[in-house]
Amino acid sequence: LNNCGNGFTPWGTYLTCEENFNQYFGTTNTAVPGMTRNANQLRYGLAGAGTSRKYEQYHDRFDWQKEPNEANRFGWIVEIDPFDPA
């Protein structure tokens, strides 16, 4: 999601970064008493309700109430070595 920031390193590899993944996580169920975002979800900036992208309406993995740890799988920085395809 949102492969955005990127650049070359001084040693000749390439970094690519997954940014703004938090914009895809919300919840469809705001009526559950006491159901609040945990510290990591708040730090990531996950929406307390629905999002403008509406992924949470169509796939449970983007609803932080149904899958509270799913956002931890995003936000990667990947280093690519163009001289070593493996």
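The values are calculated or read from the model by the stated rules, or taken from the named source; none is laboratory data. From a predicted model like this one, the values you see are computed outputs, not experimental measurements. Note: ideal-geometry Cβ built from the backbone for every residue, glycine included; neighbour counts use all protein chains shown. Accessible surface areas use protein heavy atoms only, side chains included; no ligands, DNA or RNA. Shrake-Rupley method; radii C 1.70, N 1.55, O 1.52, S 1.80 Å.
Of all the numbered requirements in (1) open to solvent by 40 Å² or more (accessible area, probe 1.4 Å); (2) more than 12 Å from the chain's Cα centre (by Cα), ARG61 misses one, and that requirement is (2).
Pairs meeting the criteria (first residue in the stretch 1-17 and in contact (Cβ under 8 Å) with a residue 60 or more places away in the chain and under 14 Å from PHE74 (Cα atoms), second residue of a type outside the set (Val, Ile, Thr) and part of a loop (DSSP other than H, G, I, E, B), beta carbons under 8 Å, at least 6 apart or on different chains) are LEU1/ASN20; LEU1/PHE74; CYS17/TRP76. If you go through the stretch 23-48 and keep only what is in contact (Cβ under 8 Å) with a residue 24 or more places away in the chain and open to solvent by 40 Å² or more (accessible area, probe 1.4 Å), you end up with GLN23, THR28, ASN29, VAL32, MET35, ARG37, ASN38, ASN40, TYR44.
For the subset of the stretch 49-86 comprising residues that are charged (D, E, K, R) and touching a residue at least 40 places away in the same chain (Cβ under 8 Å), which member is nearest to ALA31 (Cα to Cα)? Steps first, answer last, please.
Let us first name the residues in the stretch 49-86 that are charged (D, E, K, R), namely 53-54, 56, 60-61, 63, 66-67, 70, 73, 79, 81, 84.
Subsequent filtering for residues that are touching a residue at least 40 places away in the same chain (Cβ under 8 Å) retains 70, 79, 81.
On the way: GLU70: 21, GLU79: 42, ASP81: 48 Å.
In this case the residue turns out to be GLU70.
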